[in-house]
1. Would you mind finding the one in A:Val230, A:Val207 that is buried (at least 20 other Cβ atoms within 10 Å of the Cβ) and within 16 Å of A:Leu264 (Cβ to Cβ)?
2. Just to verify a result, which residue in region A:11-47, among those that are more than 15 Å from A:Val353 (Cβ to Cβ) and within 14 Å of another protein chain (Cβ to nearest Cβ), is surrounded by the most Cβ atoms within 10 Å (Cβ to Cβ)?
3. Return yes when A:Phe242 is within 14 Å of chain B (Cβ to nearest Cβ), buried (at least 22 other Cβ atoms within 10 Å of the Cβ) and within 28 Å of B:Val395 (Cβ to Cβ) and no when it is not.
4. Quick test for you: out of A:Ala236, A:Ala217, pick the one residue that is crowded, with 20+ Cβ neighbours inside 10 Å and either outside the structural domain of A:Ala307 (by TED's automatic domain parsing) or modelled with pLDDT under 95 (or both).
5. Looking at A:Lys69, A:Lys39, A:Lys85, can you tell me which residue is of a type in the set (Lys, Arg) and in contact with a Cys (Cβ under 9 Å, 6 or more places away or on another chain)?
6. Within region A:337-356, identify whether any single residue is of a type in the set (Val, Ile, Thr) and within 14 Å of chain B (Cβ to nearest Cβ), and answer yes or no.
7. Inspect region B:351-368 for any residue being more than 12 Å from chain A (Cβ to nearest Cβ), more than 24 Å from B:Ser455 (Cα to Cα), surrounded by 16 or more Cβ atoms within 10 Å (Cβ to Cβ) and in contact (Cβ under 8 Å) with a residue 40 or more places away in the chain and give the result as yes or no.
Amino acid sequence: MLSFEKRPQPSKFWIIFTPILAVILTLIAGAILFSTLGKPPLESLKIIFWDPLFHPNYAAYSRPQLLIKAGPLILIAIGLSFGFKAGVWNIGAEGQYIIGAVIGGGVALAFYPYESIIVFPLAVLFGAIGGFLWAMIPVVLRIYFKTNEILVSLMLVYVAESILISVSQGLLRNPEGMGFPGSRNLNQYASSANNELITGTGLHWGVIFALISVIFAYFIFQKHTLGYQVKLTGEAPKAAKFAGVNPNLIVFFCLGISGTLAGLAGIFEVTGQAGQITSSFNSGYGFTAIIVAFLGRLHPVGILLAALLMALTYIGGELAQFQLQLPAASIQLFQGMLLFFLLAADILVNYRVSRKRS
Amino acid sequence: MTKKLLELEGISKSYPGVIANSDVSFDINVGEVHALLGENGAGKSTLVKTIYGLVKPDNGRMSLNGKHYVPGSPSEARKAGIAMVFQHFSLFEALSVAENISLGMESPPNQRDLAKKIKSVSNSYGLPLEPGKTVGSLSAGERQRVEIVRCLLQEPKLLIMDEPTSVLTPQEVQILFETLRKIKSEGRSILYISHKLEEIRKLCDTATILRLGKKVETCTPSKTSSNELAEMMVGSSIQIPQQKKREIGNILLSLENIVSKSINTFGTSLSNLTLDLHAGEIFGVGGVAGNGQDELLSILSGELIAESGQIKLEDRIITADKPRTRRELCVLSAPEERLGHSAAPNMSLVENTLMTASQSQHLVSKGFIDWEKTRAFTEKIIEEFDVRTPSIENVARSLSGGNLQKFVIGREIQQEPKVFVVNQPTWGVDAAAAASIRQAILTLADNGAAILIISQDLDELLEISDRFAALNEGKLSDALPTRDLTVDQIGLMMGGKRNLELSDAKF
């Protein structure tokens, strides 16, 4: 009989190898899934993982998309990783991301049609502030009223979505939009446009900020006492209290960072790829980032790689929908499997499989 | 020749990574008190759980009264005439004594008959119990009586007692011994598990000593010296800590009328606690677990802030100071729970060092961690306190209990505290490690630190402390010099008002 045996020490090998194993298992299960849908399994996998990067016809379009999509995922997931390490569960990054876009985008729209170099930086600043303030709601409720931040942050996503629908049809609606919902196109307003910085790479300001956030998070966790306190709080809350860590400060810090980064992702998205504040600009990045954070093992570099992989499945998924008529849901299922296999394979970090006579 | 009740032959049991029992054989005779002696982790618990039907052995056989005995469950064991009193009681606090007892019976009689029966059995064994009382209002000693009476009502042939004295005051221990002798005189056998040598020498007819899962020997404890027993138990001779004559200096730390809420709903609040701690002094706080020990430590570590009263370090009032401020002032502490409180189980020893040593050793400057310095300090702790670990990067939980405790205590002592507060410094630690921890505490006091040591282990307190006081329901008794204390006095201090009277033991 096979059984699990607890390792005395977490396995360093499996910490790195589990995500790879999860990817392999996902590929196998994905191939089975696609073949049951009557699609050629290897062809499907090739379209999802290979063609976006190397296909002579599509790569020119798809390759820049990789960074465009990975940017917001990295930003949000890095923010989430702080809270997840501390045991502060911010499930509502989607809401912070939306509010960042609305507030930042609103500031930019207020300047329209005045052209100035200051508009974009101001929009970015207010995007960050918007996300930060939205994240402060669960913080205040948790610290003063001991509410559960999981529920509050999640509920606030729906509030944020309602606000988004409201402003895109009312307050921020494009007066010249012929009555269609949605704001003016921020990407076509020169002062607020978040364009590609180097043509053909997909590199925009959001990607730059994402890379900075990776370096920043790496630094905080390796060198700074704040990162250490975050980790200690997550590992052993009682020990953290004994060490003198203020748990409220940790809640504030973790949610503050993740709100700020989600807000930044929102404003970069709405001034770039999405262009307009519409009721559906958000495309669920705030939730996907949860998968990215865990897939990346809550490690900054891991998150960077995981976000690129996730972005690839988005782009490849679209390609597969278009070429093979794969249903959109099967791509989401595919992404979900990735998280599922990762969590399942995770047990190998702390346990080893042993054969035991019964 | 005496008749054998239970025979064990070649019992083996292993868990992943641990051999709990390996080829253990011994016999328990009818009408004897048989001791099972061994250190924590020697395999005593696994062995009795095997007898009680809770654990299935990998190998070996047992026979009861000459017949093959394979208990599939505790209820089968009870039917065969084996009863057990666990170290941790399984009683419902909200129910009465009689209700609790009837819950454990296969076919309970009606409450009134049961109450009568409880009264007669409990009185005849010198364990007076009020059947209608709620268990929640009983002391630990009285709760144990409920468990014993529950077993006795089944008329067992063999009664297993797992570390029964760990929750009792010395007087209560006396009463328990009288009861056990009475049970024995009726021709019943008792398997008595303990690591306290003196108890075993006083009470038991035979002793089987286990070490690392193996039987070392079966001997007659009354004819074997404590030293011999200890050596068999530990496997080597132990360095007994050296008491030097110490200079007791000025008052370093004083607590005045401290009142505080408990940490959690089941904790005990502290009421009007007052004590003085002198330089070079070791102050021992005894008492049965759950009488405010955790709260006392938290009040001093700064995790819990007193509602009223005052804590003074020399001339400075530190009542409201946070844990870090207290560490800056060299008031250091080590809580009881190693994994999760004094150390983070999944973090490396280096990271665990940073946890409490960052202030005194200046391991963090302007928010940045100096890992080089932290590693160096960790190495120092490991070397000075002989912590056995493959590397300082190993996680805390990979260390054995004794080694981790040496690390946790060493981490604080190496910082040269002015005041050191420690709860259960040697709980669950092997004898050699315990001796070295006590020695380290004594040396710290020699160097002029004031030490408050909270412990359940009376022998430990008597061995190393200069003054002794007991905690009872959050109140601290008057402190007396340890040298002049008698065991009776200690018992009275520990029992507080709810002390069980000695007269109970008379029949």
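1. Only one candidate passes the filter, namely A:Val207.
2. A:Ile15
3. When the stated conditions are applied, A:Phe242 passes them.
4. Values: A:Ala217 fails: either outside the structural domain of A:Ala307 (by TED's automatic domain parsing) or modelled with pLDDT under 95 (or both).
Exactly one residue qualifies, and that residue is A:Ala236.
5. A:Lys85
6. Checked against the condition, which is being of a type in the set (Val, Ile, Thr) and within 14 Å of chain B (Cβ to nearest Cβ), region A:337-356 yields at least one hit.
7. yes
So that you can scan it fast, the table gives a plain yes or no per residue for (1) part of a helix (DSSP H, G or I); (2) on the phi > 0 side of the Ramachandran plot; (3) touching an Asp or Glu at 6+ places or on another chain (Cβ under 9 Å); (4) buried (at least 24 other Cβ atoms within 10 Å of the Cβ):
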position	(1), (2), (3), (4)
A:Leu75	yes, no, no, yes
A:Ile78	yes, no, no, yes
A:Phe82	yes, no, no, yes
A:Tyr97	yes, no, yes, yes
A:Gly106	yes, no, no, no
A:Leu109	yes, no, no, no
A:Gly131	yes, no, no, yes
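The values are calculated or read from the model by the stated rules, or taken from the named source; none is laboratory data. Quick caveat, the model's predicted, so the values are computed rather than measured. Neighbour counts are summed over all protein chains in view; Cβ atoms, including those assigned to glycine, are modelled from backbone coordinates with ideal geometry.
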